[in-house]
Structures are given as structure tokens and as C-alpha cells.
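In what follows, a structure is listed as C-alpha cells, so that the remarks can point back to it.
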Amino acid sequence: MRDCGRPLPSLIALLILLGMVEGCASVPPRSDQDFRYERGAYRLELTNLDVIGDQIKLTFLYTNKTNSVQRGMAWQPETYLLDNFLNRHESTQDSLGWGPHSFPPGVPEKIWFAFQKADPRADWVTFRVRWRIDPRERDLRDFGIEIGPPQSDWRDFGIVRIPTNWKGAGPPTEAVALPPTTPTIAQGFRFDQSFYSFDLTNVDVVGDQVRLTFLYTNRTDEPQRGWAWPDDTYLVDNLGNRYQYASDSLGGGQRSFPPGVPEKVWFSFGKIHPRATSVNFVLRWRVSTPPSIWVNGIIRDIPLNWARPSS
């Protein structure tokens, strides 16, 4: 019987570590808790791994853990998968679009990355991303809020050894406890500022869109012009899906509001997922009253088809 010899113990250990000895090393069971990356400012949790055509898609819930709107972006050349045969699979597209993506505080939101399809023999992949966040520093400084040291450096991190047959996780493992709130965070179904207020009166499904109706009150003693920033006005449902602004009663421009007189305004968004039960409304609003700055407002956990009780 021919003796093939014995590899050095250190070589065996290295091959097992790399997952390249078929039949000798297997992927150990892992919990959903393992497929997350968490820092003080944000959390990224894997929810799904899907093979779609010639691509592999990873879906995550991203949570901004700060108390202000946060912009995040990935550097595509340094975002990739590495399988257990050490093949790299480049990122082909993602849900973030071009440039930074705006994340509201404390609201888990779905994002995804697609890659070239992994080797069909691969048992697992490691996700690598280069990520950067930028707080909206001007908004915070306008309210005299201390923002601390810059957090805008690029950071490389990974989520390792994700089985290619992994079937996905359930809801987020735990809620995020936010820092103390700031003047930009709304409480309940009301967004209240020194110069104005939004009071939610109705949530209605109109055709293939959902409409939120408010009573807007100019709280100054002078006429006031107000307008929304469409790209940063949206809904995020309890499943993490985002619905972009579609239309409003303002005509896409500015509206003049008389002092002290409540007036109805509404915003419409895309059709809601049938399994969603509530939404978070995110609004970026500006008024002509000095200092005339953009303010981010959030009204959280609004039940669908909600209507304000009659007084």
C-alpha cells in the first residue's frame, strides 16, 4: 500500500482554517446573532441571502443608533464577497444609489447589496464592506447640539462565514435605545417646533398610494412660507421598507401659511407592503421664519389606517 506521507500539522491547521479541505472541515452552526456588525453609531444585521439569476443578494437591516439623521455610503470597489475557496465576487449594485443614503434615527431600514454569483461549490461567503457615515452636522450645530469628534472616516469591516444555504433571520433581535432626544425628534403623532407644528389627522390608502394628512399651524404672528425637501421626506414601515415621497398638497413648491390658523396639508407615498402594520414618517422641512434652516422631523410607529379620534 502506497504511503502518501503526512502533511505538517501546521499545514493541516491552515487548510482547515481556510475551509479548503473538503470532507474534513464543515461550516459550524451559527446563530443569527453572528451575522451582524455593530458600532456605537449604527448596526447592520443580515436578514436574507438569496441567489437571483447570476447574482447573489444580501439584505440587511441598517439602524442608525444616534439621535440625528445620518448619511451612510459604501465604497463599491471595496465591497465584495470572499468565498471559502478564496474567490472574490465583486459588488454589482446596491439599494443605496449614487452618493450618501439618509437614515433616520432609531428606525431599522432594509438595504441590500448584489454580487457576482458565488462558486456553486462554495459552502460559505464572507461579506466585506468599506462604509462611511456623515451626520448632518449643520442641522445639529444650528440647535447648539454637541456632535463630538468627526465620524466620517471610511471603515472596513466584515461579516464572516455566512452559509450559502442560509435561509434568513426573523425580526430585529432587539430594539435600539436612542440617546436623549433633541428638538428635531417628534413625540407621538405630532411634530412640534417653536415656529410651527404638524398634527397627524388621518392615514388613508388612496389608489396605490398611502396618504398622511396633517393640520399645520404657523405658530408665529407673521405669514410664513414652508416647504419640504422631497428626497428626505419618506416613510419606513415596521418591516424596514422605505417608501419615497410621491406628491403633496403643496404643489411641489412653497406654501404660505397665515399666523395661528391650522390648515390641512398632506403627503403621499408609494403602495405599502401588505404585511406592514405601521410606518415612521420622516420629513425634512424649512420655513421662511429666521433662521430659516432645514429641520428633520420624525413621527414614529403610526398604525396604518389610523385616524385621530373625534374631540
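The values are calculated or read from the model by the stated rules, or taken from the named source; none is laboratory data. As the structure is a prediction and not an experimental result, all values here were calculated from the model. Every residue, glycine among them, receives a Cβ derived from its backbone with ideal geometry; neighbour counts consider all protein chains shown.
Miscellaneous remarks
- Residue within segment 133-149 that is part of a strand (DSSP E or B), buried (at least 19 other Cβ atoms within 10 Å of the Cβ), of a type outside the set (Asp, Glu) and at pLDDT 65 or above present: yes
- Here Trp75 clears all of (1) surrounded by 17 or more Cβ atoms within 10 Å (Cβ to Cβ); (2) of a type outside the set (Lys, Arg); (3) modelled with pLDDT of 90 or more except the condition numbered (1).
- The residues of segment 90-113 that are surrounded by fewer than 19 Cβ atoms within 10 Å (Cβ to Cβ) and either more than 23 Å from Val295 (Cα to Cα) or of a type in the set (A, V, I, L, M, F, W, C) (or both), listed by number, are Glu90, Thr92, Gln93, Ser95, Leu96, Gly97, Trp98, Lys110, Trp112.
- Across segment 200-249, the number of residues qualifying as over 20 Å from Ile298 (Cβ atoms) and either surrounded by 15 or more Cβ atoms within 10 Å (Cβ to Cβ) or in the same structural domain as Leu46 (by TED's automatic domain parsing) (or both) comes to 7.
- All positions within segment 50-98 that are part of a strand (DSSP E or B), touching a residue at least 40 places away in the same chain (Cβ under 8 Å) and not aliphatic (A, V, I, L, M): Gln55, Lys57, Thr59, Phe60, Tyr62, Thr63, Asn64, Gln70, Arg71, Gly72, Tyr80, Asp83
- With respect to the conditions (1) modelled with pLDDT of 90 or more; (2) under 18 Å from the mean Cα position of the chain (by Cα); (3) in a strand (DSSP E or B), Val107 lacks only one, and its number is (3).
- Filter result for Pro171 (outside the structural domain of Trp98 (by TED's automatic domain parsing), in contact with a Phe, Trp or Tyr (Cβ under 8 Å, 6 or more places away or on another chain) and either surrounded by fewer than 13 Cβ atoms within 10 Å (Cβ to Cβ) or at pLDDT below 85 (or both)): no
- Filter result for Phe257 (buried (at least 18 other Cβ atoms within 10 Å of the Cβ), in contact with a Gly (Cβ under 7 Å, 6 or more places away or on another chain) and farther than 15 Å from Phe191 by Cα): yes
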